[in-house]
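Single-structure report; data block below.
The values are calculated or read from the model by the stated rules, or taken from the named source; none is laboratory data. The shown structure was predicted, so the numbers you read here are calculated from the model rather than taken from an experiment. Here the Cβ is made from the backbone with ideal geometry for all residues, glycine too, and neighbour counts use every protein chain on show. Note: areas computed on protein heavy atoms with side chains; ligands, DNA, RNA excluded. Shrake-Rupley method; radii C 1.70, N 1.55, O 1.52, S 1.80 Å.
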Amino acid sequence: MMMGDDSTYRWPRGTPLFCLIGLYALGFLAAGQPNLTNLFAGKVVVATYFLVSTLFAIYLFRFRVILDATSIRAGAFFFKEIEFADVIRAKYVQDDGRGQIILYARTGVRISIGETINDFGACARAINARLPEHLVIIPGSRTMDVFSGGDLV
């Protein structure tokens, strides 16, 4: 989705909801076991499970990858930001049928963007268009490391 000059990519709309429903269903199955919920520790475990499930769904709902002309930000609550001029290494890794783009900055910050986000192809093309010319990512290749000139020595 486009918002002004920034491009925003996120999980597909139904993913957080379906994860929450699935995790809650497992929680209700566990909570329905009387030998587990009769103990105080069992009640604490079940309550903690529901809290963690809810927080995970909120994380999935809030996760964003935001691209502007000069930088990329990714995260849900605390965003990591990398200026495209500071990217020293970019790679596309594919394992078990899932791929992800990993960007490394001079400052040590690393951002990973998985193929599970909505419209990954457009996101990869937008990242490629903003990266310096010697750093190009080709989604679809098995594993590709691209280094900047200072890292070749």
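If you go through region 61-86 and pick out every residue that is more than 19 Å from Thr15 (Cα to Cα), surrounded by fewer than 17 Cβ atoms within 10 Å (Cβ to Cβ), aliphatic (A, V, I, L, M) and in contact with a helix residue (DSSP H, G or I) (Cβ under 8 Å, 6 or more places away or on another chain), you end up with 1. Out of the residues in region 22-46 that are among the hydrophobic types (A, V, I, L, M, F, W, C) and surrounded by 13 or more Cβ atoms within 10 Å (Cβ to Cβ), state the one that is modelled with the lowest pLDDT. So, considering only residues that are among the hydrophobic types (A, V, I, L, M, F, W, C) and surrounded by 13 or more Cβ atoms within 10 Å (Cβ to Cβ), the one modelled with the lowest pLDDT is Leu36. The numbered conditions (1) open to solvent by 80 Å² or more (accessible area, probe 1.4 Å); (2) under 15 Å from the mean Cα position of the chain (by Cα); (3) farther than 16 Å from Cys123 by Cβ are all true for Ile58 except (1). Hey, does region 87-105 have a residue that's outside any strand (DSSP E or B) and surrounded by 15 or more Cβ atoms within 10 Å (Cβ to Cβ)? No, that holds for no residue. When you look at Arg13, is it surrounded by 12 or more Cβ atoms within 10 Å (Cβ to Cβ) and closer than 30 Å to Asn128 by Cα, yes or no? Here the answer is no, as Arg13 does not meet what is asked.
Among the residues making up region 111-131, a single one is closer than 14 Å to Glu83 by Cα, touching a residue at least 12 places away in the same chain (Cβ under 8 Å) and open to solvent by 40 Å² or more (accessible area, probe 1.4 Å): Arg130.
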